[in-house]
Structure formats: structure tokens, C-alpha cells
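Below is one structure, written out as C-alpha cells, with a few remarks after it.
The values are calculated or read from the model by the stated rules, or taken from the named source; none is laboratory data. Keep in mind the model is a prediction, meaning the values are calculated, not measured. Because the Cβ atoms are built from the backbone with ideal geometry, glycine has one as well, and the counts that use them run over all protein chains shown.
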Amino acid sequence: MSALDEQKKIEHQIELATRAAALVKDETTGHRFRSFAEELKRKLLRLMRRGQVRARAYELWEQAGRPAGRELEFWLEAERLLEEKREERQSSDASTKG
């Protein structure tokens, strides 16, 4: 299954769980559906981040001349760069809201 297929499957499951939570009368069951939807959202976010890291690592690898045997190095660097970018966005968002 491709990452895009998995993403669509998870999005569909989130939609179903959210709908089910709104339809059930039992609060405990509704809470379980909402919790399941939140868990799926976290899984989807991880999947999307993995795709971003993969794409950035590939860019770094190409820029370095496609050296063999250094995949982990480029993966870790891509993770670091994307995390740095995310933290900068969060800091910027916090300063504009405050």
C-alpha cells in the first residue's frame, strides 16, 4: 500500500469515527470514538511527517552527489531541519498571537 493510499484510508477512518461519535447516544461509546479519531489524527500526522522527511532527505542526498551508504545521515539531517523549521513556525505564530 502506498503512503497516499494509507493516508486516504486513515482520513476515511477519522471521518467514520467522528460521524459515529456524533451519532451514538451512549457518552462512553462517543468518547471512545472521539479518542479513536484523535489517535488516528496523530497517526496521520506521523505519516505525513515521515513523507516530508523522506522528501527532504532525498533532496539532501542529491545535493551531496548521491553518495552511497549515508542514508541514515541524510535522514537524521532532514529530521533535524524540519523540526527546526517547525519550531521557528511555532515561535513565530506565538509571537504574532501575543
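Counting only residues that are surrounded by 14 or more Cβ atoms within 10 Å (Cβ to Cβ) and within 20 Å of the chain's Cα centre (by Cα), which one in segment 55-66 is farthest from R86 (Cα to Cα)?
First pass over segment 55-66, keeping only residues surrounded by 14 or more Cβ atoms within 10 Å (Cβ to Cβ): 56-58, 60-61.
Those still in the list that are within 20 Å of the chain's Cα centre (by Cα) too: 56-58.
Numbers: R56: 14, A57: 16, Y58: 19 Å.
Among them, the one singled out is Y58.
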Next on the checklist: Quick test of your reading of the structure: Q90 fulfils all but one of (1) over 15 Å from the mean Cα position of the chain (by Cα); (2) at pLDDT 95 or above; (3) in a helix (DSSP H, G or I); (4) not hydroxyl-bearing (S, T, Y). Name the failing condition by number.
Outcome noted: (2)
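For residues that are touching a Phe, Trp or Tyr at 6+ places or on another chain (Cβ under 7 Å) and either of a type outside the set (V, I, T) or on the phi > 0 side of the Ramachandran plot (or both), tally how many sit in segment 47-61. Let's see the steps before the verdict.
Taking segment 47-61 as the starting set, the residues that turn out to be touching a Phe, Trp or Tyr at 6+ places or on another chain (Cβ under 7 Å) are 53, 57, 60-61.
Still in the running and either of a type outside the set (V, I, T) or on the phi > 0 side of the Ramachandran plot (or both): 57, 60-61.
Qualifying residue count for the region: 3.
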Checklist entry - Which of the residues spanning segment 3-45 are of a type in the set (K, R) and assigned to a helix (DSSP H, G or I)? => result K8, K9, R19, R32, R34, K41, R42, K43
Checklist entry - Failed condition for R34, given (1) loosely packed, with under 13 Cβ neighbours inside 10 Å; (2) under 22 Å from the mean Cα position of the chain (by Cα); (3) among the basic types (K, R); (4) more than 23 Å from E83 (Cα to Cα), with all others met? => result (1)
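Any residue that is assigned to a helix (DSSP H, G or I), closer than 29 Å to D5 by Cβ, in contact (Cβ under 8 Å) with a residue 40 or more places away in the chain and out of contact with any strand residue (DSSP E or B) (no Cβ under 8 Å at 6 or more places or on another chain) - is there at least one of those in segment 51-63? Full working, then the answer.
Filtering segment 51-63 down to residues assigned to a helix (DSSP H, G or I) leaves 51-63.
If we keep only those that are closer than 29 Å to D5 by Cβ as well, we get 51-62.
Filter again for in contact (Cβ under 8 Å) with a residue 40 or more places away in the chain, leaving 51.
From what is left, the residues that are out of contact with any strand residue (DSSP E or B) (no Cβ under 8 Å at 6 or more places or on another chain) are 51.
There is at least one residue in segment 51-63 that is assigned to a helix (DSSP H, G or I), closer than 29 Å to D5 by Cβ, in contact (Cβ under 8 Å) with a residue 40 or more places away in the chain and out of contact with any strand residue (DSSP E or B) (no Cβ under 8 Å at 6 or more places or on another chain).
For the structure I just gave you, tell me whether L44 is in contact with a helix residue (DSSP H, G or I) (Cβ under 6 Å, 6 or more places away or on another chain) and surrounded by 13 or more Cβ atoms within 10 Å (Cβ to Cβ). Can you show your working first?
Working: in contact with a helix residue (DSSP H, G or I) (Cβ under 6 Å, 6 or more places away or on another chain): yes; surrounded by 13 or more Cβ atoms within 10 Å (Cβ to Cβ): yes.
So L44 fits the description; yes.
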Next on the checklist: So the check is Cβ under 7 Å with 6+ separation or different chains; which pairs have a first residue in segment 26-37 that's more than 16 Å from Q13 (Cβ to Cβ) and a second one that's part of a helix (DSSP H, G or I)?
Outcome noted: G30/A21
Checklist outcome for this item: Just one listed residue, out of E71, E83, E59, is acidic (D, E) and under 29 Å from H12 (Cα atoms), and it is E83
